[in-house]
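Here's the structure, in structure tokens; my notes come after.
A short reminder: the numbers here are calculations on the coordinates, not readings from a lab. Since this is a predicted model, take the numbers as computed values, not measurements. Positions of Cβ are backbone-derived with ideal geometry, glycine not excepted, and every protein chain shown enters the neighbour counts.
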Amino acid sequence: MINRPISPHLQVYQPQLTSVLSILHRMTGVVLGLGIPFLVYWIWTISQGPAEYASGREFFGSLIGRTLLFGWTFCFFYHLNNGVRHLFWDIGRGFELVDVYRSGWLVVAAAVVMTLATWIFAYAGRGAM
Amino acid sequence: MSLRSPLSRVLGLGSAKEGVSHWWWQRITSIALVPLGVWFIYSVVRLLSGDHSTSIQWLRSPVQASLLISFSVTVFWHAFLGLQVVIEDYVHAEWLKVTSLMVLKMLLALLLVVTVLMIFQIFVSSSYA
């Protein structure tokens, strides 16, 4: 494959809501995919017994663990909300530019709100199961 | 019914891959993941504040175990569909692209088998030390 020079694009094209949300959808998707092994690990700790489960909880409760979980929470809610936005496009709705921008900002706001709500609920409900 | 002319088929023209099927299954898994994903986040938040027996009791319910298996199958599948596109977009060397896709698929398939097996094991287990 011969690497011929190409015109600068990423270095010159001004980022806009459309392109930024689009790549964010892909990035959050990939990050969520990287979370799959941790999902499997969590289920494994449950299957192995109280000792393993406790180490799992220690890991997820650590600073690194909680940072990862917070990151995944945001990625999940962003990807979910933007995914729904995509589904509307799939049935042909919401393509007017003003609607694209409106739904775009709505997605960002919803993702932030849902992430924060989840974590507040999680902390407030300590031991409440 | 194929729209391709017999001559084009004989000459081996056109795409060798199935695009529509990929598109459909990505949408179907997305739609399924809206309720399943929200259920999953809700469940994890509640379980992470509990101890081992809480999780065991939860997974002994046929409803919860089925939902977790359904969620796992759907999310692993959705992740593969998404990551497949990412690999196809960014990996240009054909040998590396094909290998990556194969490895990814096998890895996810293996993880899925392990996950379903563990969920089933917890579901039918009678006691933990």
Sites matching chymotrypsin sites (Phe, Trp or Tyr not before Pro) across the stretch A:10-118 that sit in DSSP coil, with at most 13 neighbouring C-beta atoms within 10 Å: A:Tyr13, A:Phe95
Positive-end extreme of charge dipole, the protein assembly as shown - chosen from A:Ile2, A:Trp89, B:His52 (charges on Cβ): A:Trp89
DSSP H segments from chain A that extend 27 Å or more along their own axis, Cα-based, with Kyte-Doolittle mean of 0.0 or above: A:63-90, A:97-124
Computed label-point distance, nm, for sites A:Ile23 and B:Asp51 using a 7 Å Cα→Cβ extension: 4.9
Derived scalar couplings ³J(HN,Hα) [the stretch B:102-113; Karplus, 6.51 cos²θ - 1.76 cosθ + 1.60; whole Hz; x for Gly, Pro]: 5, 4, 4, 4, 5, 4, 5, 5, 5, 4, 5, 4
Nitroxide proxy distance, nm - points 7 Å out along Cα→Cβ at A:Leu10 and A:Asp90: 2.8
Percentage, to the nearest whole number, of Cα pairs in the protein assembly as shown over 23 Å apart: 61
Using alpha-carbon coordinates, inclination of helix B:19-48 to the longest axis of chain B, degrees: 20
Test item: Cα-centred dipole of the protein assembly as shown, Lys/Arg +1 and Asp/Glu -1 on Cβ, debye: 220
GluC sites (Glu not before Pro) lying in DSSP loop within the stretch A:30-106, provided at most 13 other Cβ fall within 10 Å: A:Glu96
